Each structure stands twice: as C-alpha cells, then as structure tokens.
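Below is one structure, written out as structure tokens, with a few remarks after it.
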Amino acid sequence: QGPHPSPLVGPRRRTGARRRAALAASRARAPCAMAPAAGAKRKQSEEQLTPKEKVVSCCVGTARFLLKVWNALLRPSIHVFFFWSFLIYLICACFLVVAQPAVNDVFCKVRPQKQFDGAGCGNCSSVLKICPKPDCWRHAMNVTYQANASSSKGSLYFQFQDAAAENDCYKVIRDPVTTPLQMLASILDEERFNNLAVSAACKRFHCGVLQNAILTQTDLVSYTGNCTNTYDSKPQAEATFCPCAALNQDGWNEGEMNATPSSSIFGQQTQWSQNTAVIFEVCGDVDIFIAMQGACQHWIGDRPKWCPPPAPTPTNATNATNTTNTTAAATTATNATAPAARRLAPEPIAEAPAPGGAWTAATVGEDAEEIERTGKIWTLEELAHARRAINEVLGREDPTVVGADNDADSDFRSLSEDLVDVDDRAASRARRKTFDDIVSEAYERQFRTRRLQTTGTTATTASTGAVANDELVEFEVGDWSPCTCYQQCIRGVRTRTVTCTADQCKLPKPAARETCTCAHCAMCDIDLRLFIFFCIYFAQALFALIVFLQYLRSTTVTEDDFIKQSRLTRCSGCFNKGLPPLLRILVLVQLFQVVWLLFDVWLATLAQEYLGAHQKDCFASNDLRTVSVVTAILWLLQVMMGRFTVTYSRKPDWLYSPNRPSRAFLMRQFRKVFRSLGP
C-alpha cells in the first residue's frame, strides 16, 4: 500500500488551507447575511433607549468620530506631518500672492525726489520723465492718470496707453519744459522745426493734463483757493495747497476769454495770448475755452488772468457799457481779419468729393483734418482725385488713374511724399501724418485682394523668396534701453537698435521697441526675493502633498506586497526616499530667506544710524511687516512639528537609513541636525 503520508505535512497542510478558505468565505458572506438581522436588532434597541441613553450614545459616536480624525490627521505620524506641512506651505504661498500687490502699491507711493528723502530721480532703475519736473506738472500727471487713465472706463485711458508706448511723445519732454502748457508748446515746436511726428493720442492726453491743471481737478486748482487731496498726490502737509494756481496767471492776456477763438491765431497780433494760440493749435478744438469761460463766474479767490473782469456795479454801468462796446468792436474786427485757410474748430463735416470733383490744396488739407476727426477711410477713386489735385498744385502732369498700371506701389508712396509740399501751403504736420496713415491703409485694402489672387509667377517668387530668406544674414540687435515712463509704476516703452549689415536681412525684422512697466523707486529691493519666496513655498507644498499621498498609501501595504513590486510601487519608493530630504533642504533655504527678510524690514530701520539708507523704505509697508512676521512664525511651527514627529513616530522599516559611525564628526552632527528638521 505504500507509506502513509505524514500527518504533520500533507493532510494537515491541506486541511489548514481548506479551513482558511472556508473562514474567508464565511467572513465575506457574514455581512450580507447578517445585515438585515443586525439592522433590525439595532433599530429595535434604539427604540428601547431612554432619552438619557440616547444622549450618551450620541456622545460616544461623536467621540469615536473625533478619535478617527485624531488618528487620521492629528496623531503623530509620518503622513500626518506631511499633510500639515502641505497646508503650512500652501498658506504661505497664498499669503505672499495676496500681499505682494499691496506691498508694491505702498512702494509706488514713495516719492523718489531727494527733497522727500528719496533715492533721487536719476537713481531709479527706470527713466522717469516727469519725476524731476516741478510740483504742478508732477501732480497734474499723477491726478490725471488716477482720475482719467488708470482703468478702461477713464476718458483718457486709450490715449494714455498709446502715448505711453510712443517714443516720440517722450522726446518732446526736454529739460526746459516744466509745465503742461510748455509741453504743448514743445509739441508744436518739434512738429514745425524738427519734423517730429507726434501722434494725436499724445496730444489728446497732454491736453487733458492741462485741462485738469488749470480748470477741472480740485487737487490742482480751486475756485476758492483751497485745494483738496483726493488722489493723495501731495504730502499731507500740502494737502490744501494748489500747485497749479500760478499756471492761470503766467503768459495770458488780461480777460482774453471774453470770446472764443474760431480760427488759426498762431503768430498773429490779436487779443489772444501765446498760451491760447498753443492750446488752439495742438488740441484742435474750442471745448476747453468754452469750459474756461463758464468757470469764470464761479471763481472767488485768486481769479485767473484770462477771466473777463467781474460784472460791473450799478454806479459804473456807463463805463462798463462803453468797455463792452469797445471789446465787441475789437472782437468783430479780429474775426473779420482772421485767416480761414484751415477749419480747426469743430464744424459740420463735408463729404469727400465725388469722382471728377474739383480738388485744391486747401481742400486737401481740410479733408485730411476731417479724416483725423472722423476716422473716415478714402476710397481708391477719392485718392486718385487727391493725386490729381496734388499734381495740379505742384505743376505736374496728371498721371493715369491710380492702380491702373504696374507702378501702383511707387505711385502711392510718392503720394505721401508730395503731400509734404501741399501741406506746407494748406495743412499742418500732424494732419499730414494722419493722412499718410489713411493713404497706406486704403492702398492695402484695395490691392491686398489683387495680390492674393495672383498665381503662377507670384507663387513661385514667394516660394523662392522664402527659401532665400533662410540664407540671409540676421539683423543685429542691441541691448534694451531702461524702461521710459512718465512716472513710476505705470506703462512705458523701451527701445533697442536693430540694424542690417547687408543689403537684405532675414525676415521678420526684430522689434525695435516694446511696452514695459516702470518699477518703483523706493529704497527696498524686495520684489525678486518675494517671488523666490513664493516659488519655494509652492514647490514645498507640491512635494509635501506628493509625499503625504505616498505615505498614506503605504499604511495599507503589507510585507507580502513587496514580494513582487509593480512599477507604481517602485516610483512611489523613489518619492518616499528622495522628496523628504529635498524638503528639509528647502526648509534650510527658507531659514536664510526669513532671516534676511526680518533684517531688511526690522533691523535695517532700527540700525539706520549705522547702515544709512540701506532698505530704509521696507519698514513703510504694513503688509511687508506682516509677511516677515507670519513667515517666521510658520517656519518655527513647521520645524517644531517636524521635531515632534521625529521623536514620537517611526518610519517604516524599509525606509530606515542608519547614521554610519565611519562618517566624519562634522558630517554626523550635520546629519543629526538635518534629520531633526523632519522625517
């Protein structure tokens, strides 16, 4: 029969396996089988409980829930430590994001002028054109930006955006220019004598600055002589001072606003002053003069020089009547002799001449001005008639209709060049620039379709040009200039040189200018460090979250799961081993950052006698002081929590790394301190 199998090997092993399988099956079926009976029994027992027993049962259930919360999120363990570390890092990162704009707002209000104990306009990282100017222009620019150009709802927002990005608009601000009125005069001089093309947006914005300075904003000028400080542009000691009051006295004729200019008055001997002529030429309308006339009746103290004399008393009625008649006669004579070559005041806009209509040099100039006001685009036929009118004025033969020959490109290019000569007789430089833009736009609109429809040779040429373009030399570009703005913390422009060292260079051509934002001039260089602070905190929060999820998963892992490891398990092992030391390294980096921030915000101010002006404006920001204190407290809290976790919790055995005695003494001490920062 053969030997009987050993009872300790074969049968018992099979019986044990069957028993364990049966026990597992019974456990799997037990909840389903016993659920109705257990539920019914529990329901019956709850109905039999007294109110006191129900309260006790509720308290016991709450205690069990809190115990589960304690075990999951509060009991010292590895995954709990990384969960709370994640929250601390995330709170710090969010706090910095919220606080940094408020910190910059405070620094943007720090006056850079040396008389206000600032760094000095020349020591700023950006070029601030209005910074060294007198109080009136600086305050007028600040108030205009805040009131009319800081948001898209402002009346000068789009004009400011264009003017701030225009390099020619900054070139007008020379050293002798110290007031908004002189700014308009400088624009006029640059256009007439230096052929500088200043945009309509630049003119409109600076006309708005002037109107605020002499008329509109009570922070700058007041009917009563006492100004406000609504936009906090002035120091508190000068809150009621009117910085632009003198602007209404210098350079005006006595009582000249008893009438409204209606035509070009520049360079004429009339009742109008040079200031009025400049405003009329640059701003191009009479709205500001009408507003000035209406304001005269409200003025009480320090009456502007341009206001007519106040209403006469009854005893002087006869003299007043004679004065009025004399003034009216002078005004009539002036208006009768004023030239009418250009319609600068708003009038009904005439339609463009129909094909075949008569054109003259004067009408070309007038219609160019009407185009500037209305934004009208001329058709190709209308431009052809403009071409004929220009040739007639210049004594040239009338060419073929524009666009009918192969030299349409050169014909349209010469149209703008010829208009220069016509413009000297009929229109100003500013209106010629607007007309040139419209000529180019109409040309592109009319000929773009024709170019796109051309096939065969055109396509071959384009393909050949694309291949040749790759072989061309590239443009040489210089370094970007510092950002140039009117004031700190607003939009500006920076430029660089772009040159081609050959006959033709590789396209597209790099940009020679771009918009930028000027930094503040406060003596607190902290922006970059706050950004690094935020990046490290965000990285720590991300790493802590990953490690928390990995350790939370490892709480359900048994030794049998390591017999055959999956790729996910191996990746998680890399995170478990590598990220905690990286987090401790970042904790040490943040210690350096926190100490440096505390020194600049607090100690630099306390030790200003020894350190001088080093970071002296950092203490001025309440938000920055709060950031320094909060980050220091949270750093200490995180380190204390890490030390507590190391003392009262234990790493899984497979992550244990002994401190070898063979290492040097200093290395062992460093590792001891390093490991005390966290698990």
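The values are calculated or read from the model by the stated rules, or taken from the named source; none is laboratory data. The structure displayed is predicted, hence computed values, not measured ones. Positions of Cβ are generated from backbone atoms using ideal geometry, with glycine treated the same way; all protein chains shown enter the neighbour counts. The accessibility values were calculated without ligands, DNA or RNA, using every heavy atom of the protein model including side chains. Shrake-Rupley method; radii C 1.70, N 1.55, O 1.52, S 1.80 Å.
Structure values in brief
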| read-out | value |
| --- | --- |
| Scan of the stretch 612-647 for residues that are aliphatic (A, V, I, L, M) and either open to solvent by 70 Å² or more (accessible area, probe 1.4 Å) or touching a residue at least 60 places away in the same chain (Cβ under 8 Å) (or both), ordered by number | Ala613, Ala620, Leu624, Val627, Val630, Ile633, Leu634, Leu636, Leu637, Met640, Met641 |
| Lone qualifier among Ala519, Ala544 - being touching a helix residue (DSSP H, G or I) at 6+ places or on another chain (Cβ under 6 Å), in contact (Cβ under 8 Å) with a residue 12 or more places away in the chain, buried (at least 18 other Cβ atoms within 10 Å of the Cβ) and of a type in the set (Gly, Ala, Ser) | Ala544 |
| Cβ pairs under 6 Å, 6+ apart, first in the stretch 127-139 and open to solvent by 20 Å² or more (accessible area, probe 1.4 Å), second assigned to a helix (DSSP H, G or I) | Lys129/Tyr170; Pro132/Cys121 |
| In the stretch 178-205, the residues that are farther than 23 Å from Cys516 by Cβ and outside any helix (DSSP H, G or I) | Thr178, Thr179, Asn194, Asn195 |
| Residue within the stretch 72-82 that is at pLDDT below 85, open to solvent by 30 Å² or more (accessible area, probe 1.4 Å) and part of a loop (DSSP other than H, G, I, E, B) present | yes |
| Matching option when the condition is of a type in the set (D, E, K, R) and more than 30 Å from Glu281 (Cα to Cα), among Glu238, Glu254 | Glu238 |
| Enumeration of residues in the stretch 240-251 that are assigned to a loop (DSSP other than H, G, I, E, B) and either open to solvent by 40 Å² or more (accessible area, probe 1.4 Å) or among the hydrophobic types (A, V, I, L, M, F, W, C) (or both) | Thr240, Phe241, Cys242, Cys244, Gln249, Asp250, Gly251 |
| Single condition Gln48 does not satisfy, out of (1) open to solvent by 70 Å² or more (accessible area, probe 1.4 Å); (2) in contact with a helix residue (DSSP H, G or I) (Cβ under 7 Å, 6 or more places away or on another chain); (3) more than 29 Å from Ile532 (Cβ to Cβ) | (2) |
| Subset tally (residues that are farther than 18 Å from Thr144 by Cα and exposed (fewer than 14 other Cβ atoms within 10 Å of the Cβ)) for the stretch 223-239 | 4 |
| The stretch 142-180 - residue that is farther than 18 Å from Ala200 by Cα and open to solvent by less than 40 Å² (accessible area, probe 1.4 Å) and, of those, modelled with the lowest pLDDT | Val177 |
| Tally of residues being open to solvent by less than 40 Å² (accessible area, probe 1.4 Å) and under 22 Å from Val127 (Cβ atoms) across the stretch 185-202 | 9 |
| Residue in the stretch 107-122 that is least open to solvent (accessible area, probe 1.4 Å), counting only those that are assigned to a helix (DSSP H, G or I) and out of contact with any helix residue (DSSP H, G or I) (no Cβ under 9 Å at 6 or more places or on another chain) | Cys108 |
| Qualifying position, being in a helix (DSSP H, G or I) and open to solvent by less than 80 Å² (accessible area, probe 1.4 Å), among Arg553, Arg570, Arg529 | Arg529 |
